[in-house]
Amino acid sequence: MESCRKFGLIWAAIILLGLQAGAQAHVIELLADSDSRYKISGQHQPEITLKAGEQIVLRVTARRGKSWNRDGSIHGFTLLRAKDRTKVEGWNLLLRPGQQEFTLTAPVEPGDYEVVCTVICSEDHEGMHMKVTVVP
């Protein structure tokens, strides 16, 4: 009986630790600005580093550029593999004006990636990109 109670307490502790770990998601705050640039506070050149397979919350504030899509999206946020420029599944986001949050899973393959804007937001649209590094 005592061993069952200890097992139950250990199991409850494991579940509680798992819930606490899940509550502390990696939050990334990003500005998709009206000048067709991604910006991260405190960084001159925005760059994101992720752990392979980790859950993240991407909190984006989007400001309207000079042009936008018919569906109202003003910027895009698409993650590409740097080695072959293929899209990473689940990372093809359309941004609307204001703040929005996305719960995403980092790629499981470590390496270099690039975020690009997929909405023609201005004549400077081609400059709207940033580096993402995934570490083991």
From the set of residues in the range 78-100 that are at negative phi and basic (Lys, Arg), which is farthest from the chain's Cα centre (by Cα)? Lys83
Would you mention how many residues in the range 62-95 are among the basic types (Lys, Arg) and either under 17 Å from Ser36 (Cα atoms) or modelled with pLDDT under 85 (or both)? 4
Which residues, counting only those in the range 43-84, are crowded, with 19+ Cβ neighbours inside 10 Å, assigned to a strand (DSSP E or B) and touching a residue at least 60 places away in the same chain (Cβ under 8 Å)? Ile48, Leu50
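Of the residues Thr118, Thr103, Thr61, Thr133, only one is hydroxyl-bearing (Ser, Thr, Tyr) and under 11 Å from the mean Cα position of the chain (by Cα); which?
Details: Thr118 fails: under 11 Å from the mean Cα position of the chain (by Cα); Thr61 fails: under 11 Å from the mean Cα position of the chain (by Cα); Thr133 fails: under 11 Å from the mean Cα position of the chain (by Cα).
From the options Thr118, Thr103, Thr61, Thr133, the qualifying one is Thr103.
Does Ile40 satisfy the condition of being open to solvent by 20 Å² or more (accessible area, probe 1.4 Å), modelled with pLDDT of 95 or more, over 13 Å from Leu93 (Cβ atoms) and of a type in the set (A, V, I, L, M)?
yes
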Determine which member of the set Gly111, Gly127, Gly90 is over 18 Å from Glu47 (Cα atoms) and surrounded by fewer than 17 Cβ atoms within 10 Å (Cβ to Cβ). Gly90
Options Glu101, Glu109, Glu54; residue that is among the acidic types (Asp, Glu), at pLDDT 95 or above and farther than 15 Å from Val132 by Cα: Glu101
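Of all residues in the range 85-105, which are polar (S, T, N, Q), without any contact (Cβ under 8 Å) to a residue 40 or more places away in the chain and touching a Gly at 6+ places or on another chain (Cβ under 9 Å)?
Matches in the range 85-105: Asn92 only.
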Being modelled with pLDDT under 95 and out of contact with any Lys or Arg (no Cβ under 9 Å at 6 or more places or on another chain) is the requirement here; does Thr118 meet it? yes
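The values are calculated or read from the model by the stated rules, or taken from the named source; none is laboratory data. All values reported here derive from a predicted model rather than from experimental measurement. As a convention, Cβ positions derive from the backbone with ideal geometry for all residues, glycine included, and neighbour counts pool all protein chains shown. SASA here: full protein model, heavy atoms, side chains in, ligands and nucleic acids out. Shrake-Rupley method; radii C 1.70, N 1.55, O 1.52, S 1.80 Å.
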